[in-house]
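Undergrad: Supplied in structure tokens, the structure appears directly below.
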């Protein structure tokens with residue numbers, strides 16, 4: 001392909017991809033499959049790589065981010081970005097309407113729109129291209145977050161038609177869809193559990209609600225992380241001089257044609273009766289939406305009337321926000337059950353009489369710990385008030401004391417483990433109770449074995465949770481080391497029927513010839529897993545993948561780690577006292593050392609393979625040092641590490657002035673990103689790294 005052909009094809013692909021982005025993100029009406037879209041995008045990326053002189057600055061291939069913003073520049077709003085006055089009752093809407101009719105002579109319309117629970121944003125376009133994105137800030141000035149906003153696929157980088165003004169601003173709300181919020185929290189929680197954090201600690205570290213998550217994400221300094229969080233945006237107000245529309249409603253219809261995502265749930269209303277009907281409908285229907293909305297915005301439609309009505313010091317007189325009340329239901333507390341995790345942490349769960357709340361049926365709610373139960377002063381049989389925190393997580397907020405039975409007794413927190421009946425312990429300064437019977441409590445034992453075989457640890461994918469439970473129930477495994485003593489005769493013909501408590505379909509596991517061979521083959525292959533993953537698989541509390549790798553690289557073998565003092569352990573980069581004490585305590589327990597001895601006898605890797613033969617693919621990365629952080633789509637961090645070495649590069653455990661690049665996946669370590677900024681180290685996404693080594 002010559003340059004003329006390449007330029008023409010790049011222009012054609014850019015137009016085509018922009019069109020399909022609009023169909024998918026703005027209209028929710030895609031014309032092609034995801035696979036076809038990916039093929040077009042890949043072709044564009046390859047052509048831009050070969051002919052970079054023809055790549056557009058706002059090419060759709062650049063949505064993945066990668067820009068590091070050290071400090072967000074403060075920008076003065078051309079038009080003040082005021083907040084809306086709030087109302088909470090139909091009576092207040094009538095008062096709002098009456099105030100307007102004192103000034104406006106004759107009939108007029110309102111436009112009702114959903115009020116999105118996110119982050120307000122002002123987007124400036126010049127000649128049809130996104131020029132600047134600024135947050136609300138204090139209403140007079142906001143932060144320039146353009147680099148991050150460019151990663152949001154529902155925000156067009158260039159407009160579709162030529163009817164737009166040469167320069168204008170459009171305002172809207174950036175939000176995090178429920179799907180993205182739940183995915184991020186599920187991934188974070190899974191990783192934290194693997195690292196030994198209890199449910200209380202995990203709850204404190206997770207994103208609290210979609211609104212706060214969106215607010216925090218849009219101000220992240222690494223735009224590649226913003227891109228991975230899949231934010232969305234609805235636009236709802238066009239500002240330009242001179243005005244080119246007669247009504248607000250017309251401006252939104254035009255904005256949609258230009259390429260903006262404008263919410264389909266808006267309505268032009270002729271009076272307060274229609275406004276109130278719209279509110280009543282969405283007070284219930286909002287729970288079916290894939291994002292949070294906390295009210296309805298009511299605006300005078302005629303733009304000339306808006307100008308006549310003007311503003312107060314804080315808000316426009318021609319608009320008001322009706323706020324939905326947080327939905328609360330009252331239901332009966334049937335019982336409290338107690339769950340035991342891998343680390344022995346006990347978490348109480350409220351079992352409720354099923355009740356419909358915010359679009360779902362709620363049967364259970366977390367109670368966190370004994371202090372929370374005491375604070376609520378709960379009794380079994382109480383009628384409790386339940387809300388959804390951030391419209392996502394059910395929580396008990398109080399008790400209807402008027403319905404409490406006279407003979408109801410306060411809940412007494414259990415003193416023994418619900419599984420093995422061992423007396424529980426509660427360490428000073430900790431909120432949770434623990435079962436200390438680490439070697440005899442079934443859920444702890446099963447949990448440790450399930451962690452041991454997980455993908456990021458020993459990666460024995462032929463064994464799943466059900467098979468582990470089957471082997472444990474038959475007395476074949478009690479520790480992960482027992483896996484290496486299993487034989488063909490032990491496994492063949494074993495079966496178990498699982499009857500789920502939640503009424504889901506009954507599941508049956510039966511180990512026949514092929515599945516037995518696969519299990520034994522997977523166990524045998526795990527003997528070659530590198531030492532740092534063996535260290536992670538052991539399940540020492542707070543020792544996640546990164547900590548295990550740092551300890552392995554520093555001490556080189558298991559014996560050195562087992563003899564290290566707390567002071568020596570804290571001498572390793574990023575290893576704090578809490579982690580060091582946990583590691584030290586593990587190797588001072590007879591059971592811990594016995595377990596390590598059994599793993600050694602089974603032939604697992606107990607030291608860093610210093611002289612391991614490395615396959616050489618190229619010298620593209622020769623002389624360059626890399627640090628890896630985060631979770632990646634196509635590779636594990638070990639696989640990325642191997643790719644770097646195979647292409648001539650070196651691996652560093654932490655970012656220093658000698659680091660060439662930080663390769664960051666989703667949820668990279670904040671300290672690594674901060675050090676990368678301090679040392680001016682470029683941050684690469686997974687795609688950019690693969691481009692660097694020319695591997696697609």
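Undergrad: Looking at region 190-198, can you tell me whether even one residue there is surrounded by fewer than 21 Cβ atoms within 10 Å (Cβ to Cβ) and more than 22 Å from residue 670 (Cα to Cα)?
TA: no
Undergrad: Mind checking whether some residue in region 671-694 is at pLDDT 85 or above, on the phi < 0 side of the Ramachandran plot and in a strand (DSSP E or B)?
TA: yes
Undergrad: Still on this model: Which of (1) surrounded by fewer than 19 Cβ atoms within 10 Å (Cβ to Cβ); (2) under 30 Å from residue 347 (Cα atoms) is the odd one out, the single condition residue 229 does not satisfy?
TA: For residue 229, the failing item is (1).
Undergrad: Also, quick follow-up: Go through region 447-466 and report how many residues are assigned to a helix (DSSP H, G or I) and buried (at least 19 other Cβ atoms within 10 Å of the Cβ). Show your work before the answer.
TA: So the first thing to find is which residues in region 447-466 are assigned to a helix (DSSP H, G or I), and the list is 447-453, 465-466.
Pick out the ones that are also buried (at least 19 other Cβ atoms within 10 Å of the Cβ) and you get 447-453.
Matching residues across region 447-466 total 7.
Undergrad: Continuing with the same structure: Please pick out the residue among 156, 165 that is closer than 29 Å to residue 311 by Cβ and in contact (Cβ under 8 Å) with a residue 40 or more places away in the chain.
TA: That would be 165, the only listed residue that is closer than 29 Å to residue 311 by Cβ and in contact (Cβ under 8 Å) with a residue 40 or more places away in the chain.
Undergrad: Which ones in region 145-167 are in contact with a strand residue (DSSP E or B) (Cβ under 6 Å, 6 or more places away or on another chain) and farther than 16 Å from residue 219 by Cβ?
TA: Within region 145-167, the subset in contact with a strand residue (DSSP E or B) (Cβ under 6 Å, 6 or more places away or on another chain) is 145-146, 149, 152, 154-155, 157-158, 167.
Answer for region 145-167, where residues must be in contact with a strand residue (DSSP E or B) (Cβ under 6 Å, 6 or more places away or on another chain) and farther than 16 Å from residue 219 by Cβ: 154, 155, 157, 158, 167.
Undergrad: Further question: If you scan region 20-53, which residues turn out to be surrounded by fewer than 14 Cβ atoms within 10 Å (Cβ to Cβ) and outside any loop (DSSP other than H, G, I, E, B)?
TA: If the condition is that a residue be surrounded by fewer than 14 Cβ atoms within 10 Å (Cβ to Cβ) and outside any loop (DSSP other than H, G, I, E, B), then 34, 35, 36, 38, 39, 42, 46, 49, 50, 52, 53 are the ones that fit.
Undergrad: Right, residue 253: in contact (Cβ under 8 Å) with a residue 12 or more places away in the chain and not assigned by TED's automatic domain parsing to the domain that holds residue 365 or not?
TA: Working: in contact (Cβ under 8 Å) with a residue 12 or more places away in the chain: no; not assigned by TED's automatic domain parsing to the domain that holds residue 365: yes.
In short, no.
Undergrad: Take residue 245 and tell me if it is out of contact with any helix residue (DSSP H, G or I) (no Cβ under 8 Å at 6 or more places or on another chain) and surrounded by 15 or more Cβ atoms within 10 Å (Cβ to Cβ).
TA: On the way: out of contact with any helix residue (DSSP H, G or I) (no Cβ under 8 Å at 6 or more places or on another chain): no; surrounded by 15 or more Cβ atoms within 10 Å (Cβ to Cβ): yes.
Judged against the criteria, residue 245 is not a match.
Undergrad: Which of the residues spanning region 163-206 are part of a loop (DSSP other than H, G, I, E, B) and over 30 Å from residue 127 (Cα atoms)? Break it down stepwise before answering.
TA: As a first pass, look at region 163-206 and keep what is part of a loop (DSSP other than H, G, I, E, B): 163-166, 176-177, 195-198, 206.
Selection gives 177, 195, 196, 197, 198, 206.
Undergrad: Could you please let me know if residue 513 is surrounded by fewer than 17 Cβ atoms within 10 Å (Cβ to Cβ) and free of Cβ contacts under 8 Å to residues at least 60 places away in the same chain?
TA: Values: surrounded by fewer than 17 Cβ atoms within 10 Å (Cβ to Cβ): yes; free of Cβ contacts under 8 Å to residues at least 60 places away in the same chain: yes.
It is true that residue 513 is surrounded by fewer than 17 Cβ atoms within 10 Å (Cβ to Cβ) and free of Cβ contacts under 8 Å to residues at least 60 places away in the same chain.
Undergrad: Among the residues that make up region 206-219, is at least one of them in contact (Cβ under 8 Å) with a residue 60 or more places away in the chain, closer than 30 Å to residue 343 by Cα, in contact with a helix residue (DSSP H, G or I) (Cβ under 9 Å, 6 or more places away or on another chain) and not assigned by TED's automatic domain parsing to the domain that holds residue 629?
TA: So far as region 206-219 goes, yes, one or more of its residues are in contact (Cβ under 8 Å) with a residue 60 or more places away in the chain, closer than 30 Å to residue 343 by Cα, in contact with a helix residue (DSSP H, G or I) (Cβ under 9 Å, 6 or more places away or on another chain) and not assigned by TED's automatic domain parsing to the domain that holds residue 629.
Undergrad: So in region 209-241, with the set limited to residues that are part of a strand (DSSP E or B) and at pLDDT 90 or above, which one is farthest from residue 253 (Cα to Cα)? Write out each step before concluding.
TA: Taking region 209-241 as the starting set, the residues that turn out to be part of a strand (DSSP E or B) are 222, 232-239.
Restricting the remaining residues to those that are at pLDDT 90 or above gives 232-239.
On the way: 232: 19, 233: 16, 234: 13, 235: 11, 236: 10, 237: 11, 238: 11, 239: 14 Å.
Here the residue is 232.
Undergrad: Moving to a separate point now. Which residues, taken from region 1-19, are modelled with pLDDT of 85 or more and assigned to a loop (DSSP other than H, G, I, E, B)?
TA: 2
Undergrad: On the given criteria, is residue 375 free of Cβ contacts under 8 Å to residues at least 40 places away in the same chain, outside the structural domain of residue 536 (by TED's automatic domain parsing), under 30 Å from residue 326 (Cβ atoms) and within 26 Å of the chain's Cα centre (by Cα)?
TA: Values: free of Cβ contacts under 8 Å to residues at least 40 places away in the same chain: yes; outside the structural domain of residue 536 (by TED's automatic domain parsing): yes; under 30 Å from residue 326 (Cβ atoms): yes; within 26 Å of the chain's Cα centre (by Cα): no.
Here the answer is no, as residue 375 does not meet what is asked.
Undergrad: Suppose we keep only residues that are under 14 Å from residue 99 (Cβ atoms) and part of a loop (DSSP other than H, G, I, E, B) within region 302-335. Which one would you say is nearest to the chain's Cα centre (by Cα)?
TA: 315
Undergrad: Say whether the condition of being under 27 Å from residue 244 (Cβ atoms) and in the same structural domain as residue 176 (by TED's automatic domain parsing) is met by at least one residue in region 280-294. Steps first, please.
TA: Of the residues in region 280-294, the ones under 27 Å from residue 244 (Cβ atoms) are none.
Among the residues of region 280-294, not one is under 27 Å from residue 244 (Cβ atoms) and in the same structural domain as residue 176 (by TED's automatic domain parsing), which makes the answer no.
Undergrad: So in region 262-289, with the set limited to residues that are farther than 21 Å from residue 110 by Cα and surrounded by 15 or more Cβ atoms within 10 Å (Cβ to Cβ), which one is nearest to the chain's Cα centre (by Cα)?
TA: Across region 262-289, the extreme among qualifying residues is 289.
Undergrad: Further question on the same structure: Could you count how many residues in region 660-672 are in contact with a helix residue (DSSP H, G or I) (Cβ under 8 Å, 6 or more places away or on another chain) and surrounded by 17 or more Cβ atoms within 10 Å (Cβ to Cβ)? Let's see the steps before the verdict.
TA: Initial filter on region 660-672 (in contact with a helix residue (DSSP H, G or I) (Cβ under 8 Å, 6 or more places away or on another chain)): 661-669.
Filter once more, so that each one left must be surrounded by 17 or more Cβ atoms within 10 Å (Cβ to Cβ): 661-666, 668-669.
Of the residues in region 660-672, 8 are in contact with a helix residue (DSSP H, G or I) (Cβ under 8 Å, 6 or more places away or on another chain) and surrounded by 17 or more Cβ atoms within 10 Å (Cβ to Cβ).
Undergrad: Another question, then. Taking the residues in region 290-318 that are under 29 Å from residue 209 (Cα atoms) and surrounded by fewer than 17 Cβ atoms within 10 Å (Cβ to Cβ) as candidates, determine which candidate is modelled with the lowest pLDDT. Outline the logic, then answer.
TA: From region 290-318, those under 29 Å from residue 209 (Cα atoms) are 290-299, 314-316; that's our starting set.
Adding the requirement that they be surrounded by fewer than 17 Cβ atoms within 10 Å (Cβ to Cβ) leaves 290, 314-315.
On the way: 290: 90, 314: 77, 315: 86.
Of everything passing the filter in region 290-318, 314 is modelled with the lowest pLDDT.
Undergrad: Continuing with the same structure: Among the residues of region 233-242, is there at least one that is more than 30 Å from residue 305 (Cβ to Cβ) and buried (at least 18 other Cβ atoms within 10 Å of the Cβ)? Working first, answer last.
TA: First pass over region 233-242, keeping only residues more than 30 Å from residue 305 (Cβ to Cβ): none.
No, every residue in region 233-242 fails to be more than 30 Å from residue 305 (Cβ to Cβ) and buried (at least 18 other Cβ atoms within 10 Å of the Cβ).
Undergrad: Just checking, does region 611-631 include any residue being under 24 Å from the mean Cα position of the chain (by Cα) and within 30 Å of residue 485 (Cα to Cα)?
TA: Filtering region 611-631 down to residues under 24 Å from the mean Cα position of the chain (by Cα) leaves 627-631.
Pick out the ones that are also within 30 Å of residue 485 (Cα to Cα) and you get none.
The answer is no, given that none of the residues of region 611-631 is under 24 Å from the mean Cα position of the chain (by Cα) and within 30 Å of residue 485 (Cα to Cα).
Undergrad: Conditions first: (1) within 30 Å of the chain's Cα centre (by Cα); (2) under 30 Å from residue 196 (Cβ atoms); (3) surrounded by fewer than 15 Cβ atoms within 10 Å (Cβ to Cβ); (4) modelled with pLDDT of 85 or more. Residue 397 passes all but one, so which condition is the exception?
TA: (2)
Undergrad: While we're looking at this one, here's another question. Consider residue 475 carefully, then state whether it is surrounded by 14 or more Cβ atoms within 10 Å (Cβ to Cβ) and either outside any helix (DSSP H, G or I) or touching a strand residue (DSSP E or B) at 6+ places or on another chain (Cβ under 6 Å) (or both). Quick ask: steps written out before the conclusion?
TA: Numbers: surrounded by 14 or more Cβ atoms within 10 Å (Cβ to Cβ): no; either outside any helix (DSSP H, G or I) or touching a strand residue (DSSP E or B) at 6+ places or on another chain (Cβ under 6 Å) (or both): yes.
No; evaluated as a whole, the condition is false for this residue.
Undergrad: In addition: In this structure, does residue 164 turn out to be in the same structural domain as residue 241 (by TED's automatic domain parsing), in contact with a helix residue (DSSP H, G or I) (Cβ under 9 Å, 6 or more places away or on another chain) and surrounded by fewer than 17 Cβ atoms within 10 Å (Cβ to Cβ)? If you could, list the steps in order and put the result at the bottom.
TA: Details: in the same structural domain as residue 241 (by TED's automatic domain parsing): yes; in contact with a helix residue (DSSP H, G or I) (Cβ under 9 Å, 6 or more places away or on another chain): yes; surrounded by fewer than 17 Cβ atoms within 10 Å (Cβ to Cβ): no.
So residue 164 does not fit the description; no.
The values are calculated or read from the model by the stated rules, or taken from the named source; none is laboratory data. Treat the numbers as computed from the prediction; the structure is a model and nothing was measured. Methodologically, a virtual Cβ is constructed for each residue, glycine included, from the backbone with ideal geometry; neighbour enumeration extends over all protein chains shown.
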